[in-house]
Amino acid sequence: MNVVAVVNQKGGVAKTTTAANLGACLAERGLRTLLIDLDPQANLTVGLGVPWPELDVALHSVLLDPDEVPLSVILRQIEGLPLYLAPGHLDLAHTEALMMPHADKAYRLRNAIEDLTRHQEYDWVFIDCPPSLGTLTQNAIVAATHLLIPTEPKFYAFAGMDSLNKMIVALTKSLRFRVELLGVLLTMFERGTRLHATIAAEIRERFGDKVFQTVIYKNVRVSESEVEGRPIALFDRRAPGAQNYEALAEEVLLRAAR
């Protein structure tokens with residue numbers, strides 16, 4: 001099982017969009033896929049048509065009371081695919097503070113996933129992280145086998161990757177676990193924009209073959225699919241955004257098979 005934290009401390013770099021659409025593309029191939037919405041904004045949940053205000057229990061319940069609310073209790077199936085969502089909730093905003101006194105605070109999500117997968121098998125798990133380096137993001141990184149880092153080709157998004165890298169190195173040393181970089185993904189790329197081309201070239205020079213060849217171009221149909229609560233591959237298969245994420249799914253599978 002591959003557990004992928006989709007992470008970048010910078011907001012607005014398409015973490016949520018990537019988790020939803022990459023997960024849907026893999027599920028369409030028959031791969032049993034779980035999406036975990038760890039962001040208190042719950043955009044992944046809403047973007048897949050699940051209104052968080054109507055949820056009695058969600059991911060915050062699992063993290064705070066794992067004995068009473070296992071991960072299996074909150075899962076929702078999406079579009080009849082082998083695609084499942086562990087929905088987020090606004091109450092995740094308070095969860096970090098409530099977890100602080102607990103010695104296992106960094107392992108809560110990892111333990112929940114391990115408990116779930118003793119009874120249900122998944123090929124892929126994608127964790128949509130909040131735009132911060134707090135306890136929730138640390139839970140995602142500790143739970144992950146791989147990291148996927150989306151970044152818009154702009155200076156501030158690129159600069160934030162240094163802080164993320166330092167935190168990952170510190171965590172792996174202090175908590176003694178291993179995690180690999182699945183890849184850096186260029187998102188929201190605008191064709192014909194000199195700034196985007198320049199920064200993209202710098203990112204490729206710095207990270208080499210860790211940068212996916214696939215680029216996610218800016219496409220309004222992707223935003224429209226989120227309003228409709230559906231992944232782009234199911235909303236408009238012919239849209240450039242759908243084709244970009246199909247290509248990314250192929251590349252992810254190739255990397256995972258190495």
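The values are calculated or read from the model by the stated rules, or taken from the named source; none is laboratory data. The model shown is predicted, which means the values in this text are computed figures rather than measured ones. Here Cβ is always computed from backbone atoms with ideal geometry, including for glycine, and neighbour counts include all displayed protein chains.
Screening Ala93, Ala24, Ala58 for residues that are under 28 Å from Ser163 (Cα atoms) and small (Gly, Ala, Ser) leaves exactly one candidate, Ala93. Of all residues assigned to the stretch 132-140, at least one qualifies as being among the hydrophobic types (A, V, I, L, M, F, W, C), more than 22 Å from Leu34 (Cα to Cα) and either modelled with pLDDT of 90 or more or surrounded by 14 or more Cβ atoms within 10 Å (Cβ to Cβ) (or both).
Against the definition (aromatic (Phe, Trp, Tyr), more than 19 Å from Gly12 (Cβ to Cβ) and part of a helix (DSSP H, G or I)), how does Phe177 come out, yes or no? Explain how you work it out, then say what you get.
Details: aromatic (Phe, Trp, Tyr): yes; more than 19 Å from Gly12 (Cβ to Cβ): yes; part of a helix (DSSP H, G or I): no.
Spelling it out, it is not the case that Phe177 is aromatic (Phe, Trp, Tyr), more than 19 Å from Gly12 (Cβ to Cβ) and part of a helix (DSSP H, G or I).
Give all pairs with beta carbons closer than 6 Å in which a residue from the stretch 1-14 that is more than 15 Å from Val184 (Cα to Cα) meets a residue that is part of a loop (DSSP other than H, G, I, E, B) and small (Gly, Ala, Ser); count only pairs at least 6 apart in sequence or on separate chains. As it stands, the answer is Val3/Ala144, since those pairs meet every condition given. If you take the residues in the stretch 174-200 that are modelled with pLDDT under 90, closer than 20 Å to Val4 by Cα and touching a helix residue (DSSP H, G or I) at 6+ places or on another chain (Cβ under 9 Å), which one is surrounded by the most Cβ atoms within 10 Å (Cβ to Cβ)? For the stretch 174-200, the residue satisfying everything is Val179.
Of the residues making up the stretch 141-156, those that are surrounded by fewer than 23 Cβ atoms within 10 Å (Cβ to Cβ), outside any loop (DSSP other than H, G, I, E, B) and in contact (Cβ under 8 Å) with a residue 40 or more places away in the chain are His146, Phe155, Tyr156.
For residues that are touching a residue at least 24 places away in the same chain (Cβ under 8 Å) and over 23 Å from Arg206 (Cβ atoms), scanning just the stretch 157-177, find the one that is nearest to the chain's Cα centre (by Cα). Ranking the candidates gives Phe177 first. State yes or no: is Ile203 under 15 Å from Val4 (Cβ atoms), modelled with pLDDT under 90, of a type in the set (A, V, I, L, M, F, W, C) and in a helix (DSSP H, G or I)? It is false that Ile203 is under 15 Å from Val4 (Cβ atoms), modelled with pLDDT under 90, of a type in the set (A, V, I, L, M, F, W, C) and in a helix (DSSP H, G or I).
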